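Student: Take a look at the following structure, please.
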Amino acid sequence: MPVDLHVHTNASDGQYLPEEVVARARLQGLSAIAITDHDTTDGIPAAQKAAAVSFPPFEQPRIIPGIELSAEETVFDDGKGRETAVDVHMLGYFINIKAPEFQNALSRFRDDRLMRAQAILRKLDALGMPLDWKRLLEIAQGGAVGRPHIARALAESGYVENVPQAFELYLRNGGPAYVARERLSPEGAVSLIHQAGGAAVLAHPGYIHHYSDLVARLISAGLDGVEIWHPGNNEHVRANLKVLAQRYNLIATGGSDYHGEAVKPAIRLGFFTAPEGAIEALQSQAHFYRSLNDSQ
Ligand code: AMP
Ligand code: FE
Ligand code: FE
Ligand code: ZN
């Protein structure tokens, strides 16, 4: 049965409650989903509980505890002749969501997100597009605030047509209202995930121009896998990634990066899935890091 290993809830920038996501996963006939919210694990217990209480034992979708960390690095953009910040997202699977150091790090990242959202609103204000801070927090529904929430606030106020246009005109990296976050390196993200007893997988490499070099570099940091099946990877990227996964013995994963239709209109839950055996491979890597941590 198909499994979708990249799913967001309203604990971060997804549209739906964890319970609603689980119900949708079941409707789509998925046997497992990984909840991979940005910088928070708060949606996971509710999703696990919903799966356990809403369905008979053999119909319960399995909920895999995950995370999506935002790292960043600066690359020289030949085309533009200048340096640009590139987002590098790292997925973590089978993390121990109770690990205190891990939760401390996530809580710092979320504080940073709040400060950065305030800075973005100041920039938008200067551009003649004031937004209401309280309304933004309402849109974020108490979750980790991200640019997609600000994009929704911009659309709601009529400054833009929709979320993609808000990114295109104002919020994209280097855009007029862009503000960078506290820097976490891709290596740092891998290491945080390992410390939390999880397996680290490079998310949507298709969004990263230099992904081949990056994957090669992250092997020595202990990267465990690459996300091959994702709406952001075209056929060419997928073929390249398969070669890289073979060469470096990486786990090949996949997922839809579902956020709900209000956030990413074209993306449906379960339309991108992971190959057979991916879950077991991730779990076995996670088990290895867990026992490594325990023996220290
Ligand atoms: P943040 O974590 O606040 O930096 O926001 C990054 C998130 O914004 C990504 O995970 C995507 O979900 C979303 N995003 C980034 N670029 C775009 C875009 N051009 N259009 C729509 N959503 C985007
Ligand atoms: Fe997102
Ligand atoms: Fe991402
Ligand atoms: Zn995602």
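Student: What is the distance in Å between the Cα centroid of region 261-295 and that of region 80-113?
Tutor: 17 Å
Student: Tell me which lysines have Cα within less than 17 Å of Lys98's Cα, excluding those fewer than 8 residues away on the same chain?
Tutor: Lys49
Student: Moving on to the next point. Read phi for every residue in region 171-177 and hand back ³J(HN,Hα) as whole Hz from Karplus 6.51 cos²θ - 1.76 cosθ + 1.60, θ = phi - 60°, with x for Gly and Pro.
Tutor: So the Karplus estimates, Gly and Pro as x, are 9, 4, 3, x, x, x, 10 Hz.
Student: Which of the peptides 189-198, 113-122, 2-11, 281-290 is most tightly packed, and how do the rest follow, going by the mean number of other Cβ atoms within 10 Å of each residue?
Tutor: Descending packing order for the listed peptides: 2-11, 189-198, 281-290, 113-122.
Student: In Å, the Kirkwood hydrodynamic radius of the chain over pairs of distinct alpha carbons? Intermediate values should be presented prior to the final figure.
Tutor: On the way: mean 1/r = 0.0514 Å⁻¹.
Evaluated over the chain, this radius sits at 19.5 Å.
Student: Something else now. Ordered by residue, what ³J(HN,Hα) values in Hz, to whole numbers, does region 199-216 give under the Karplus form 6.51 cos²θ - 1.76 cosθ + 1.60, where θ = phi - 60° and Gly and Pro are x?
Tutor: 9, 9, 10, 5, 7, 4, x, x, 7, 10, 3, 9, 4, 5, 5, 4, 4, 4
Student: Can you work out ³J(HN,Hα) from phi for every residue in region 106-111, in order, using Karplus 6.51 cos²θ - 1.76 cosθ + 1.60 and θ = phi - 60°, giving whole Hz and x for Gly and Pro?
Tutor: 4, 5, 4, 4, 5, 4
Student: Further question on the same structure: Could you line up Tyr207, Tyr16 from fewest to most neighbouring Cβ atoms inside 10 Å? Could the numbers behind the result be given before it?
Tutor: Values: Tyr207 15, Tyr16 22.
Fewest-to-most Cβ neighbours within 10 Å comes out as Tyr207, Tyr16.
Student: Same structure again: Given the peptides 210-216, 270-276, arrange them by the average over their residues of other C-beta atoms within 10 Å, most packed first.
Tutor: On the way: 210-216: 16.9, 270-276: 18.9.
Top to bottom by mean Cβ count within 10 Å: 270-276, 210-216.
Student: Order of 89-99, 57-67, 173-183, 255-265 by packing, highest average Cβ count within 10 Å first? Walk me through the numbers before you get to the answer.
Tutor: Values: 89-99: 22.6, 57-67: 18.6, 173-183: 14.8, 255-265: 20.8.
Final packing ranking: 89-99, 255-265, 57-67, 173-183.
Student: Follow-up question, since we're still on this one. List the aspartates and glutamates whose Cα lies under 18 Å from the Cα of Lys134, skipping any in the same chain that are fewer than 8 positions away.
Tutor: The qualifying aspartates and glutamates are Asp13, Asp111, Asp112, Asp125, Glu156.
Student: Arranged by the count of other C-beta atoms within 10 angstrom, fewest first, what order do Trp229, Trp133 take?
Tutor: Numbers: Trp229 21, Trp133 12.
Lowest to highest Cβ neighbour count: Trp133, Trp229.
Student: Still on this model: How much mean residue ellipticity at 222 nm does the chain get from its helices, if each DSSP H run of length 4 or more adds -39500 (n - 2.57) and you divide by all residues, to the nearest 500 deg cm²/dmol?
Tutor: Details: 10 runs with 119 residues, N = 296.
Only helices count here, giving -12500 deg cm²/dmol.
Only the coordinates and a few stated rules stand behind these numbers; no lab work does. If you're wondering where the values come from, they're calculated on a predicted model, not measured in any experiment. Virtual Cβ from ideal backbone geometry, glycine too; neighbours counted across all protein chains shown.
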